[in-house]
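Right, one structure below, let's go through it.
The values are calculated or read from the model by the stated rules, or taken from the named source; none is laboratory data. All figures in this text were calculated on a predicted structure; none of them were measured in a lab. Positions of Cβ are backbone-derived with ideal geometry, glycine not excepted, and every protein chain shown enters the neighbour counts.
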Amino acid sequence: MSNTPSELGYAIRPEWAPHRSTWISWPHNKETWPGKFEPVPSTFAELARILLPHEEVNLIVKDVAMEDEALDLILDSAEAAKHYHKLVFHHFPTNDAWSRDHGPCYVVKNTDGKTQKAIINWGYNAWGGKYPPFELDNAIPQKIAARFSMPVFDPGMILEGGSIDTNGEGCLLTTRSCLLNPNRNPHLNEQEIEERLKTYLGVQKILWLNDGIAGDDTDGHIDDIARFVNPTTIVTAIEENPEDENYTVLQENFNVLKTFTDCNNNPFEIHTLPMPPKLEFNGERLPASYANFYIANNVVAVPTFGHPNDEVAISTLKKLFPEREVVGIDCVDLVLGLGALHCITHEEPA
């Protein structure tokens, strides 16, 4: 009897496929933004306001007090209040706000014209046990599945949503520095990890880059370096300053991307995004990248960092998403927590 997601016909959808909603975990952990937490909830609220005209927003909060705090910030105008009915709260306690990595990973199948969804319950250990405790975050996918009576599949493997990206036609993009790091799945080798990705996400081809950008405490998430923007096109971050520590690794990634082919052995079209200037906090490099954009219904939210390259990145993404509005959101404060817009969102397919 078939019992794995791929055998049952489930597969992960690309981010640009129609959404039912976006999941966001409301920020509350002040240790993530030491001494700089105050402006962070406003960034989350701005993102929610941008999304609400286009799709439902599921907000994970601890309790009624946190719900009220979020409501006050998000519905701060008559225009925003029009979309109140698309804001749905869930009282699930969390350790932190990185919904991309602890949120629900959906797979979908169509049976007799009906869409069926399931959740893959990847393990979550805060990027190799770096930031305990993380048990509340690890429980989020199961809680969401229970609330909506969805099937759950448990692969017995640690995986964060920010470490993978799919083109929706069988290809999955990731990095060795993250997925093969012994702090995630020391019991699995590259071939075994590939097999689990194929089995649980319904993909056929794994495309491996090697390393991520400097300052990325996730050990090299793909969503800071290279992203599919349609089934045949990848956009990748490039550092133009040869003196910058990201220069060599991003050039190497660019060259490797040019060798990749899709499931029909056709090469991908590769476009480039600039990198923002080097950002530091307390002498530490921050993982600022325009590649950490989020694709929603009718809109793409792009992190900006107060630099002329902001407009270059937005212009590039406007050309790659001609049917979507491309909106910049200032993430100078948000990235102090070592993540940006893609890191705080998780799509739910329609």
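Considering (1) crowded, with 20+ Cβ neighbours inside 10 Å; (2) over 21 Å from the mean Cα position of the chain (by Cα); (3) within 19 Å of residue 310 (Cβ to Cβ), say which one residue 277 fails and leave the rest.
Residue 277 satisfies every listed condition except (1).
Do you know which of the residues in the stretch 282-294 that are surrounded by fewer than 24 Cβ atoms within 10 Å (Cβ to Cβ) and assigned to a strand (DSSP E or B) is nearest to the chain's Cα centre (by Cα)?
That would be 285.
Return the residues of the stretch 1-44 that are closer than 24 Å to residue 320 by Cβ, surrounded by fewer than 17 Cβ atoms within 10 Å (Cβ to Cβ) and among the small types (Gly, Ala, Ser); say none if nothing qualifies.
Answer for the stretch 1-44, where residues must be closer than 24 Å to residue 320 by Cβ, surrounded by fewer than 17 Cβ atoms within 10 Å (Cβ to Cβ) and among the small types (Gly, Ala, Ser): just 17.
Only one of (1) within 17 Å of the chain's Cα centre (by Cα); (2) crowded, with 18+ Cβ neighbours inside 10 Å; (3) closer than 30 Å to residue 267 by Cβ is not met by residue 180, so which one is it?
Failing condition for residue 180: (1).
Which residue, of 233, 175, 218, 259, is β-branched (Val, Ile, Thr) and without any contact (Cβ under 8 Å) to a residue 12 or more places away in the chain?
Answer to the check: 259.
Return the only residue of 272, 316 being among the polar types (S, T, N, Q), outside any helix (DSSP H, G or I) and at pLDDT 95 or above.
The match here is 272.
Is it true that some residue in the stretch 314-328 is farther than 30 Å from residue 108 by Cα, among the acidic types (Asp, Glu), touching a strand residue (DSSP E or B) at 6+ places or on another chain (Cβ under 8 Å) and surrounded by fewer than 21 Cβ atoms within 10 Å (Cβ to Cβ)?
No, the stretch 314-328 contains no residue that is farther than 30 Å from residue 108 by Cα, among the acidic types (Asp, Glu), touching a strand residue (DSSP E or B) at 6+ places or on another chain (Cβ under 8 Å) and surrounded by fewer than 21 Cβ atoms within 10 Å (Cβ to Cβ).
Return yes or no: is residue 193 among the β-branched types (Val, Ile, Thr), within 16 Å of the chain's Cα centre (by Cα) and over 22 Å from residue 25 (Cβ atoms)?
Taking the combined requirement at face value, the residue does not satisfy it.
Only one of 268, 260 is under 18 Å from residue 212 (Cβ atoms) and either hydroxyl-bearing (Ser, Thr, Tyr) or within 23 Å of the chain's Cα centre (by Cα) (or both). Can you tell me which?
260
Which numbered condition trips up residue 127, out of (1) touching a strand residue (DSSP E or B) at 6+ places or on another chain (Cβ under 6 Å); (2) surrounded by 22 or more Cβ atoms within 10 Å (Cβ to Cβ); (3) among the hydrophobic types (A, V, I, L, M, F, W, C)?
Condition not satisfied by residue 127: (1).
Starting from the stretch 94-115, keep only residues that are touching a residue at least 40 places away in the same chain (Cβ under 8 Å), then list their pairs with residues that are surrounded by fewer than 13 Cβ atoms within 10 Å (Cβ to Cβ) and not hydroxyl-bearing (Ser, Thr, Tyr) whose Cβ atoms are within a distance under 9 Å, requiring at least 6 positions of separation or different chains.
Pairs found: 95/132; 95/133; 95/135; 96/31.
Yes/no per residue for (1) more than 25 Å from residue 210 (Cβ to Cβ); (2) touching a residue at least 60 places away in the same chain (Cβ under 8 Å); (3) touching a Phe, Trp or Tyr at 6+ places or on another chain (Cβ under 9 Å):
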{"position": "241", "(1), (2), (3)": "no, no, yes"}
{"position": "247", "(1), (2), (3)": "no, no, no"}
{"position": "278", "(1), (2), (3)": "no, no, no"}
{"position": "302", "(1), (2), (3)": "yes, no, yes"}
{"position": "337", "(1), (2), (3)": "yes, yes, yes"}
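Among the numbered criteria (1) among the hydrophobic types (A, V, I, L, M, F, W, C); (2) within 26 Å of residue 197 (Cα to Cα); (3) in a strand (DSSP E or B), which one does residue 127 miss?
(3)
Identify, by number, the condition in (1) in contact with a helix residue (DSSP H, G or I) (Cβ under 8 Å, 6 or more places away or on another chain); (2) part of a loop (DSSP other than H, G, I, E, B); (3) of a type in the set (A, V, I, L, M, F, W, C) that residue 37 doesn't meet.
Among (1) in contact with a helix residue (DSSP H, G or I) (Cβ under 8 Å, 6 or more places away or on another chain); (2) part of a loop (DSSP other than H, G, I, E, B); (3) of a type in the set (A, V, I, L, M, F, W, C), the lone unmet condition for residue 37 is (1).
crowded, with 19+ Cβ neighbours inside 10 Å and either within 30 Å of residue 9 (Cβ to Cβ) or aliphatic (A, V, I, L, M) (or both): is that true of residue 161 in this structure?
So residue 161 fits the description; yes.
Kindly indicate whether residue 154 is over 23 Å from residue 229 (Cβ atoms), of a type in the set (Asp, Glu) and either touching a residue at least 12 places away in the same chain (Cβ under 8 Å) or surrounded by fewer than 20 Cβ atoms within 10 Å (Cβ to Cβ) (or both).
Yes, satisfied.
Report those helices (runs of 4 or more DSSP H) wholly inside the stretch 64-117 carrying at least 1 residues which are of a type in the set (A, V, I, L, M) and surrounded by 15 or more Cβ atoms within 10 Å (Cβ to Cβ).
Qualifying helices (runs of 4 or more DSSP H): 64-74, 78-81.
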